[in-house]
Amino acid sequence: MADTTAPSTTAPAPTPGRRKAVGLTSTPTWAWALPPVLVLALGFLYPLALVVRQSFTPESLEDGGASLTPYTEVFASTVFREALTTTVRLAVGATVGCLVLGFVLALVIAFVPFPGGKAVARFIDVFLSFPSFLITLALLFIYGSVGMANGAWTGVTGAAEGPFHFLTTPWGVLLAEITYFTPFVMRPLLAAFSQLDTAQLEVASSLGAGPVRIVRQVILPEALPALAAGGSLVLVLCLNEFGIVLFTGAKGVTTLPMLVYSKAILESDYPAACVVAVVNIVLSVGLYSLYRVVSRRAGA
């Protein structure tokens, strides 16, 4: 018996996703790009342009003309050169410390089973949300002039003051930065270790390789992209760190962000402050570009 059912001529109802796509295609592309571009321009690019403009406008020019005088004066000053050197030294030292400490801690968490290991790994994600001054404040409670360590020392020995005063030196700033930024290295390392094939470790162990050799020849090559990405990020963050240096109260430790604060707030020398800010921005953008390249290669 032939099928007498007439074919349906009703078009299928458009799905919500298809209906949404049709509505979007009727709007010009530039219209969707305009709102975020305006927000970016007003909230970031315009203030940044004002900073750059002010850096070329010395206070001596009443008509507001442009001049390279602020740059020549700042670059010729000993304070700026010392601040630049201190900033680079602290950033590089903290980055190296974070790489070494982060690699060791990530190895322990990933490959040494112990009670609470998963909780520690999760706590690292929470630690990343802490402000830097909070970690510095905790160190002050422990190692400050009136902290617990000095209090215990004076209580036991009867001395007038304790021996721990390193927090007000560059070493204290370095310790605080390593303490705060190490999880920024551990996070990509733990992600890389989670994708490592454990069969490689078992084969290397069965062939007689010791723990040090396994780490050097099997684990470290796999961890190099994550180390590079984490180290680049830490280097950028350390170059711009302000809260740690301010809260430690380190005497004689002047970094570029601290110099910007000193020139703008304490001396009211806004052209010089903007010059230092522009230098800091150039360094940060350059290193951030390097971080993006390294992260992209690590992801590949």
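What follows is calculated from the coordinates using simple rules that are stated; it is not laboratory data. Keep in mind that what you see is a predicted model, and the values were worked out from it rather than measured. Neighbour counts are summed over all protein chains in view; Cβ atoms, including those assigned to glycine, are modelled from backbone coordinates with ideal geometry.
Can you give the local net charge around V92? Use residues other than it whose beta-carbon is closer than 14 angstrom to its beta-carbon, Lys and Arg +1, Asp and Glu -1. Summing Lys and Arg as +1 and Asp and Glu as -1 gives -1.
Hey, fewest Cβ within 10 Å first, where do C274, C98 land in order?
Least to most surrounded, the residues fall as C274, C98.
Fewest-first ordering of W30, W153, W171 by other beta carbons within 10 Å of each residue's beta carbon gives W30, W171, W153.
Extent along the principal axes, Cα only, for the stretch 155-300: 65, 52, 17 Å, with the longest axis given first. For the pair V88 and R296 in one chain, pulling the backbone fully straight at 0.36 nm per residue adds 72.4 nm over the alpha carbon distance. Using the Karplus relation 6.51 cos²θ - 1.76 cosθ + 1.60 with θ = phi - 60°, the per-residue 3J(HN,Hα) values for the stretch 137-147 come to 5, 5, 5, 5, 5, 8, 10, x, 4, 10, x Hz, with x marking Gly and Pro. Normalised by the number of residues in the stretch 89-253, what is the relative contact order in percent for Cα pairs under 8 Å and 6+ residues apart? Across the stretch 89-253, relative contact order equals 38 percent. Using θ = phi - 60° in the Karplus curve 6.51 cos²θ - 1.76 cosθ + 1.60, the 3J(HN,Hα) couplings for the stretch 33-50 round to 7, 5, x, x, 5, 5, 4, 5, 5, 6, x, 10, 5, 5, x, 5, 5, 5 Hz; x is entered for Gly and Pro.
Dipole magnitude for the chain: computed about the Cα centre from +1 point charges on Lys and Arg Cβ and -1 point charges on Asp and Glu Cβ, it is near 840 debye. Working note: 222 nm ellipticity from helices only, DSSP H runs with n ≥ 4, each -39,500 (n - 2.57), summed and divided by the residues of the chain, gives -22000 deg cm²/dmol to the nearest 500. Between V203 and A138, the FRET efficiency from the beta-carbon distance, with R0 = 41 Å, is close to 0.40. Each other residue within a Cβ distance under 15 Å of Y261 adds +1 if Lys or Arg and -1 if Asp or Glu, for a net charge of -2. Distance between the pseudo-spin-label points of V79 and L220 (7 Å out from Cα toward the beta carbon): 4.5 nm.
Cα convex hull of the stretch 236-300: mean projected area in nm², to one decimal? If I average the Cα hull's projected area over directions, I get 5.0 nm². Our coupling estimate for the stretch 171-184, obtained by passing each phi through the Karplus curve with A = 6.51, B = -1.76, C = 1.60 and θ = phi - 60°, is 5, x, 4, 5, 4, 5, 5, 5, 4, 7, 8, 4, x, 5 Hz, Gly and Pro reported as x. Across all Cα pairs in the chain, the calculated P(r) in 10 Å bins from zero up to the longest distance comes to 5, 18, 22, 20, 16, 10, 5, 3, 1, 1, 0, 0 percent per bin. Over the stretch 89-253, the pair-distance histogram of Cα-Cα distances with 5 Å bins from zero comes to 1, 9, 15, 16, 15, 13, 11, 8, 5, 3, 1, 0 percent, rounded to whole numbers. Working from label points 7 Å from Cα in the Cα-to-Cβ sense, the V146 to F242 distance is 2.8 nm. Seen from V218, the other residues with C-beta closer than 11 Å to its C-beta sum to a net charge of -1, counting Lys and Arg as +1 and Asp and Glu as -1.
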